[in-house]
Each structure stands twice: as structure tokens, then as C-alpha cells.
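Beneath this line is the structure, given in C-alpha cells, with notes to follow.
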Amino acid sequence: MRLVAPETVTFTESGFCPGCGHGLAVRLIAEVMEEMGLSEKLLTIVDVACGSLNIDSWRFDTIMAAHGRPIATAVGVKKVRPENPVMAYIGDGAAYSIGLAETMHTALRNDNVVTVVINNSLYGMTGGQCAPTSLPGQITTSTPRGKDTKKAGMPFRVEEAFTGFDIAYLARGSMADARGMIQSKKYLQKAFEKHMNGEGFCLVELLSACPTNLNITPVKSVERIKNDMIPYFPLGEFKDKKEEE
Amino acid sequence: MAKVLLKGNEALAEAALAAGCRFYSGYPITPQTEILEYLSWRMEDVGGEFIQAESELAGINMVLGAAAAGARALTTSSGPGFSLKQEGISYLVAADLPAVIVDVMRIGTGLGDISQGQGDYWQLTRGGGHGDYRTLVLAPDSVQENADMMAEAFDLAEKYRHPVLIASDAAIGQMIEAVEIPEFIEHDIDKFDWTIKGCKKGTEQRKIQNIYYTHPDYETYLADKYAEMEEQEQRYENIQVEDAELVLVAYGISSRVCREAVEAARAEGLKLGLIRPVTLWPFPVKAFEEAKAAKAFLTVEMNILGQMVDDVKLATCGKYPVDHYGSIFEIPEYDGIIEKAKEMLKKGEV
Ligand SMILES: Cc1ncc(C[n+]2csc(CCOP(=O)(O)OP(=O)(O)O)c2C)c(N)n1
Ligand code: SF4
Ligand SMILES: [Mg+2]
């Protein structure tokens, strides 16, 4: 882990809660960009959810797009500026619920954009409602008696839905500890390498903490990632097109 | 360039390319589909990007990205699909982004039907999405205007950094007329500094977001922006309005019938005139100054509720009777219009 943050991380006006996974992701992405020499080229599209705070947390040209639509917006950007790296940065609600059609069809077309999904197993921005990724029995503000999978279904696992598509890359990392983050950073790096090679759609999901809405301490919410989330959301690379060929 | 025979939708599509548009994303819906189909091959020919999006939602948000990246970006739809674009249009407005959105109007509410209609006037002119906004709306009445308005729409969109809507309809979109496509111009995606292109070290980061968060004087900026559009961009065509006793007000396909009505009525001694709004918003209030002899006004629209009546009443400060001649299953007939005009003039009310 590096000790000094890249100069593209500003954080001056960042409003992330203590222990939030979003802040860590900003840092990792900025490091990868710096190390790959892409800092001055990256164009990012963030969702209006908690990730929207990134617009003031990093110094990349950024669009704040409608809830669930950043991937579509990223496709528009990439078509106009094919030389630039283009990344959509969104939450699990945006990617797998309201914007699932956009996520799916961008994958189906294998459009050359990087998508980073922050999976915190709930709707963070709106105060912690149930998401398609909420775990069985999870207490949320819209499942006060626990998520009933008979009604809401089992949590959405991106690898089950997307590995059938002809996409370039699909991986899931964790933001629970240093080891997880070092691995996650490698996934991000690989995604951007493939992106710059024009290989197509790359999605990296990062398991993240939202202590505020889980109403637990940052330390506990990190333990929750390890004990509750990872068993259901396994880490690793699920699609790596070049290696398969 | 020589004149060619083209469908209205195709002329619009070709003229968009001539205006430097190099990004299109849309979704099929009658009666606008020819625009999508035409651009599916023609965009490639001129080196642009065409995407048949998975939905109108995706389409408009792709346009937002392309516009933020500096392209002249276009999307087109009709009725139900145009409704799905409203959230995106609201976001374009909020972020001060230029783009052109075409509504080839079809008839009716809900699914409605595929024949021509003018039922989207309120949605077009009041800001069809959520929030506190309006958009410039141009209303072509011919295949030639479909072509001529594309460059104008992109210029206006860039001048104000604001989306511009084109209110076409099934009749204008489907009819074939001789048309001269304007000269091709080059558009430079780096023309403006505000477009995202990558943030060089030591320079200011570009943020495309609701300017509400960032503008130091948001209220004044917006009030001035809309006031300027209202003052500067009213467009209209007045036909024998000066001495008209009764003035018809109609745009698009209905205005073509009204031209005939004016001519036929005058042949039998009835002084009709026509105000044709070319911009639906800003509504051309200035056009009404010429109506010095008018005793009443009659809007002719392909809808039942007379959606333009309120705007005419406002433009005439409520001083005159304003009625509506509506026809939804067929394009209105000019003799019906003349009859209605006579009735209005005969009634003691005028
Ligand atoms: C069309 C629309 N519906 C709902 C909302 C409200 N909203 C904003 S963010 C959000 C959920 C965010 O959850 P997620 O995408 O998982 O991001 P997180 O905040 O958890 O990172 C919702 C429902 C909105 N802004 N727009
Ligand atoms: S509410 Fe949750 S996701 Fe949002 S900033 Fe706070 S910790 Fe992060
Ligand atoms: Mg979330």
C-alpha cells in the first residue's frame, strides 16, 4: 500500500462517512491512473448516489449522470473520445437495479468502457433501503423485518448473469482490508489495461462498507464484508477474455 | 446543392449530418423510425457514431455523454418514447448541455396511434420533465424546414448551452418533397473549453453536473438565460395578419391547411390571417402586435384540448375571444376552419 495519495485525490470537499468504501475506491482508482500514466486522460461518469461525491474527491474530468444511467452516458463519451480512458463509477443499486438494462446491454455490445460497481449491499444515498444485493435476512429501512428472499429473491450475483456475455473482463474485489485492496487494485489495473487495448467491456465490483446505514462501527462493517458478504459474493476474476482464448 | 426528393424524416437525418452531428442514438418507434434507419448506415459513411440503444432512456443518456464530450449529438423519438426521454432532457438542462431532440409527434395519449398529431404541445413547451425549466422548440412545416432547422437547432443549443427540441409530426416526417440539403459544415469537438477531454495537471477540473451546485449566481443566471431566449429567439411567420378580422394560429402540418384557408376565405371576402409560430417556446408573442384589426383568434391544432389556446390568450392579454378548431383523426380541412371562423365572427361575442 502506498502512503502518499496521488495528487489527483483532492478530498477537499469530500463528504464520505468515516469508514466508507467509496473513499477507498477513489484512492485506488487514482493510484492506478497515476501508475498507468492515465491521470490526465481519464474521463469519469459517476452516479448521483453516494459515488457522486467523487466529483469533488478526485481531479478527473467528470460527469454526474442520472441514477442508473452512467454506463449509457459513458458509452456516449467513449464513442466521441475513443482515445481517452472512460470509466463509469456506480453503486450496486444503480448497476443492478434501476440501470440493469444499461449494464446488460453495454455488456452485450461489449462496449469498451470500464465500470466500477461499489457493492455495499444497500441503497446508501437514500438512507439504506433494500437493494438487489442485500443479503438474506438483512435488516434495511425497507426490510425492517429482514429481507425475505421469497419475496425479494436471492441477492444478485453479477458473475451469474454476465459471464455468458462476450465481455473483456469481470472481477470482484474486496475493500475490507489491505490484502483485499491490493487485490482489488490489481483487478482495476487489469481492467484499464484491457480497456486501453480496446478489448471491450470491463466490470470490477468492489465489496464495500457502509457503516452509516448498517448502523455499525467502521470496524464491524469491515468484519461484515469478510464474514457475511464474501461467502455469498466470492472474490476473484470471472471473465478474462484474452486468457481464455 | 441541387434539390432532391426526400421524406421529411430522411431530410432531417441528412441535414443533421450536414450540421456536423456525428453522434446519434435512438430507439425505433413509428413515425420517426426512418431517421434511425437512415442514420444506421449514413452516419458510418460520414465517420460518425450510430447506436441503436436498448431504450429511449439509454439513448438520451448516451446523448448526454456525447454532448458533454463535445459532439453535436442527436436523438429522435415519438410519443411514448419521447416521454421516456424527459428525465434525460431535464438532466441536460440542469447541466447546461447542448443537444437536439426530435419529437415526430403521433396522435393520442398512452400508446396512442401512429398517425400525425399535435398532442405533445404542452409536454414540449412546458418542460416535459421534472423541474423548473423550458427548452427552445422549433416547429417545421415542410420537408425543407426539417432540413433547414437542424443547423439552427444545433447553433441555438450551443449558444445557450441548452437542449433544443424539434416538434415535427407524422405528416411532415412521412411526406416526400423536393428539398435542398444545406452545405456540410465541420464541427470541432474541442471548440469549447467546458467539454470533458482530460484534466491536465495544474488546470481546473471540468465538472458536468447540475450547475445549481456550482454556479455562484444560479438564480440570476437562470432568470437571465430564459429571459434572453424569450427576447431573442421568437420566430414566426405572419400571413396577411395586418388587416385580418380573424387570425388563425397554427404550426406544423396544421399551418399548411391554414394557409389554404386564408386564401380561400379571402377569395370570398372573409378577411382571415395566419400566425404561424416557428418557435413554440418561446411563444412568438411579438407576432401578435401586427394583428391590429383582429376581433378574434382561432387555433387550429391536431388535438382535442386546444393546447395552444392559453398561449394565445396570454399573447393577446386576454382581450379577445380565442377558440380552438381541433381535429385528431384527420388533418383538418380548410372549409371546416372557414366555417368555424364565420361562426365566431357571427356570434355577438366578437
Ligand atoms: C430516477 C431516480 N430514482 C431514485 C433516485 C433516488 N436515489 C438516489 S441514489 C439511490 C440509491 C443509491 O444506491 P446505490 O446505487 O447502491 O449507491 P450507494 O449510494 O449505495 O453507493 C436512489 C434510490 C434518483 N435519484 N433518481
Ligand atoms: S451513506 Fe454509506 S455509502 Fe454513503 S457515504 Fe456514508 S458510508 Fe458511504
Ligand atoms: Mg449501494
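The values are calculated or read from the model by the stated rules, or taken from the named source; none is laboratory data. This structure is a prediction, so every number in the text was calculated from the model and none was measured. Note that we place each Cβ from the backbone using ideal geometry, even for glycine, and neighbour counts take in every protein chain shown. To get the accessible areas, we keep the full protein, side chains included, count just its heavy atoms, and leave off ligands, DNA and RNA. Shrake-Rupley method; radii C 1.70, N 1.55, O 1.52, S 1.80 Å.
Between B:I328, B:I35, B:I253, where does the largest GNM mean-square fluctuation fall for chain B, given springs only between Cα atoms within less than 10 Å? Fluctuation is largest for B:I328. Helix-only arithmetic for chain B: the sum of -39500 (n - 2.57) across DSSP H runs with n ≥ 4, divided by the residue total, places the mean residue ellipticity at 222 nm at -11500 deg cm²/dmol. Look at the alpha carbon pairs under 8 Å that are at least 6 residues apart: their mean separation over the length of chain A gives a relative contact order of 19 percent. Other residues whose C-beta falls under 10 angstrom from the C-beta of B:G198 contribute a net charge of +2, scoring Lys and Arg +1 and Asp and Glu -1. How big is D for the stretch B:7-134, in µm² s⁻¹ as a whole number, if Stokes-Einstein is applied with the Kirkwood radius of its Cα pairs at 20 °C and 1.002 mPa s? The calculation lands on 148 µm²/s.
On the principal axes of its alpha-carbon atoms, the stretch B:237-346 has extents of 31, 30, 23 Å, going from largest to smallest.
With equal scatterers on the alpha carbons only and no solvent term, can you work out the Debye log10 of I(q)/I(0) for chain A at 0.07, 0.09, 0.14, 0.16 1/Å? Those come out to -0.20, -0.33, -0.85, -1.14, one per q.
Comparing B:L17, B:L222, B:L92 in a Gaussian network model of chain B, where Cα atoms under 10 Å apart are tied by springs, the biggest mean-square fluctuation is seen for B:L222. When the alpha-carbon atoms of the stretch A:111-245 are used, the pair Rg, Dmax equals 15.6, 48 angstrom.
Shielding value for A:52-58 is 2, the average number of Cβ atoms from other chains within 10 Å of each residue's Cβ. With contacts taken as Cα pairs under 8 Å and at least 6 residues apart, chain B reaches a relative contact order of 17 percent. If R0 equals 30 Å, the separation of the Cβ atoms of B:Q232 and B:E260 corresponds to a calculated FRET efficiency of about 0.40.
The stretch B:274-331 and the stretch B:85-130 have Cα centres lying 20 Å from one another.
DSSP beta bridges fully contained in the stretch B:237-346 are about 20 percent antiparallel. Using C-alpha pairs below 8 Å separated by at least 6 residues, the relative contact order for the stretch A:78-175 is 23 percent. Given the stretch B:4-232, report the % of alpha carbon pairs whose separation exceeds 25 Å. When every Cα pair of the stretch B:4-232 is considered, 36 percent fall beyond 25 Å. Using a simple spin-label model with pseudo-atoms 7 Å out from Cα toward Cβ, B:K191 and A:K186 lie 4.8 nm apart. Sorting B:230-236, A:2-8 by average packing, meaning the other beta carbons within 10 Å per residue, from highest down gives B:230-236, A:2-8.
For the residues of B:206-212, the average number of beta carbons from a partner chain within 10 Å of their own beta carbon is 5. Counting only protein heavy atoms and a probe of 1.4 Å, the accessible surface of the protein assembly as shown is 52% carbon and sulfur. Taken residue by residue and averaged, Cβ atoms of other chains lying within 10 Å of the Cβ of B:91-97 number 2. Using a 1.4 Å probe over protein heavy atoms, the accessible area lost on pairing B with A, summed over both chains, comes to approximately 2800 Å². The per residue volume of the convex hull around the alpha-carbon atoms of the stretch B:163-305 is 197 Å³. Taking the DSSP beta bridges with both ends in the protein assembly as shown, the antiparallel portion is around 25 percent.
Of B:E44, B:E242, B:E177, the residue with the greatest mean-square motion in the GNM of chain B, using alpha carbon springs below 10 Å, is B:E44. What is the local net charge at A:Q138, summed over the other residues whose Cβ is closer than 12 Å to its Cβ (Lys, Arg +1; Asp, Glu -1)? Summing Lys and Arg as +1 and Asp and Glu as -1 gives +1. Among complete DSSP H helices in chain A, those whose alpha-carbon atoms stretch at least 20 Å along the helix's long axis and whose mean Kyte-Doolittle hydropathy reaches 0.0 are A:21-36. Over the protein assembly as shown, the hull volume per residue, using the convex hull of the C-alpha atoms, is 164 Å³.
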